[in-house]
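Read the structure below first, then the notes.
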Amino acid sequence: MPDTPIRPSALTRYEDWPDYAVRHRFTAASPAAQELADTLGVPSVTPDLGYTVHSETVHDDVTTSHMSWQLGFGPRTSAWFVRPTGETGPLPGVLALHCHGGVKAYGAERLVSLPGSPLPDNKEVHDGGASTAGGCGQALLPFGPIPAEVRKKLYDGRALATWMAQQGFAVLAHDTFMWGSRGFGLDTLPWRTATAVNGQRALWRESGVEPSAAEEYNAAAAAHEETVAKAATLLGSSVAGTVAHDDLAALGVLATLPGVDSGRLGCLGFSGGGGRAMVLAALSPLIRSYVVTCMMTTFGSLLPAYLDAHSWLLHSPGLAKLGDWPDLAARSNAKVLVQYGMADQLFPEQGMRDAHHHLLENLPTRYTGSLWQEPHVFTRAMQDEAAAFLAATLKPTPSGSSPAPDLTRTAS
């Protein structure tokens, strides 16, 4: 009798995720946040999370520190803390949330300018209480520097976190669940993922394309996301809920970093990063203001043609029971700027307009909407507007309240 083939693990590098997810549930600060956390199945964050700084560079008027920390499950998180050189603070802190982009080989480094050697030198500069990372560096950036065309396509060629630091913010950009250092091990593919990847490899061969290691990984990770979503569902969680766990942890780190004013924290993100920003603000009262770029519509507008344009970050089981996608903003007391790309190929125009009017009607004092005749991209002009909004809403005020933004381009 022939031997039965042994199925490879579908959770390589995350074998400890199931046990952690079922035993640790996030406790929120408000009923509205708790309802969202329970729906998404957000795991609790490891308390008193320590971090290690591995290297530090000074360039272009900013100081960039490469950091890492160990969460309660999965591989270590790689992150970059960027702040204006010479500024001792306290500065407003911003969590820069990278997009999905179909690019999982790279995480937060798409937002950070890393001159010279793209890899850290493993020299430990500071230990924030975590155990040493050992092997950090090459292991955390296995695919080398991010291709320039990725940043050009998504961010108009600008390293967003570095540029935001040049505008006077203390910025933390981290890899989240499934991306970069927090990616799954896919050297040995689960069978269903392998079937999809083999099809992509056949297309590459027919086209005479020799894919890079990063392109191979991105193809595998795209197919594997379905398997990750299944695993999360079995654990009573979701992709978005597990990503939110990583983002909540990073926000906690940001609040403790030197020179950061923990009372003036914000976040911003493009595409999937924008969705992450809205969920994070709804879960944490630490967020005072945030920006959502090219990630706003109504659920109904996605049917029937736009379902396959989006990842599991948007399609969370049970979320619609709490309201529509823009209703997430009502679960936070933070001020929000939503930037719409009216030529966005991933969202129907009417869905964006309906979401915009819904937010105008329901959050008149906290919502700013901005309609741009742009496709799915975070242009430099849009980034300028986002920075102006965060600067205005994160200013220190005697009363502790955030002033209204003074923007030159807001839609009525």
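The values are calculated or read from the model by the stated rules, or taken from the named source; none is laboratory data. Predicted, not measured: the structure shown is a model, and the values here were computed from it. Here the Cβ positions follow ideal geometry from the backbone for every residue, glycine too, while neighbour counts run over all protein chains shown. Ligands, DNA and RNA are stripped out before the accessible areas are found, and what is left, the full protein with its side chains, is counted by its heavy atoms. Shrake-Rupley method; radii C 1.70, N 1.55, O 1.52, S 1.80 Å.
Sorting 384-391, 275-282, 160-167, 181-188 by their mean Cβ neighbour count within 10 Å, with the most densely packed peptide first, gives 275-282, 160-167, 384-391, 181-188. In the chain, the DSSP-assigned H stretches of four residues or longer account for a calculated mean residue ellipticity at 222 nm of -10000 deg cm²/dmol, using -39500 (n - 2.57) per stretch and the full residue count as denominator.
Across every pair of non-identical alpha carbons in the chain, the mean reciprocal distance, once inverted, gives a Kirkwood radius of 21.6 Å. A Gaussian network model of the chain, with springs between Cα atoms under 10 Å, assigns the largest mean-square fluctuation among Glu206, Glu109, Glu35 to Glu206. Dividing the radius of gyration of the alpha carbons in the range 289-367 by their Kirkwood radius gives 0.94 for Rg/Rh.
Divided by 2.2 N^0.38 Å, where N counts the residues, the Cα radius of gyration of the range 244-303 comes to 1.23. For the range 234-301, with all protein chains present and a 1.4 Å probe, just round the carbon and sulfur fraction of the accessible area to a whole percent. Carbon with sulfur: 63 percent of the solvent-accessible area.
Restricting attention to the chain, the count of lysine pairs at 8 or more positions apart or across chains with alpha carbons under 26 Å apart stands at 6. Accessible area per residue for the chain, computed on protein heavy atoms with a 1.4 Å probe, is 41 Å². Within the chain, DSSP assigns beta bridges of which about 45% are antiparallel (rounded to the nearest 5).
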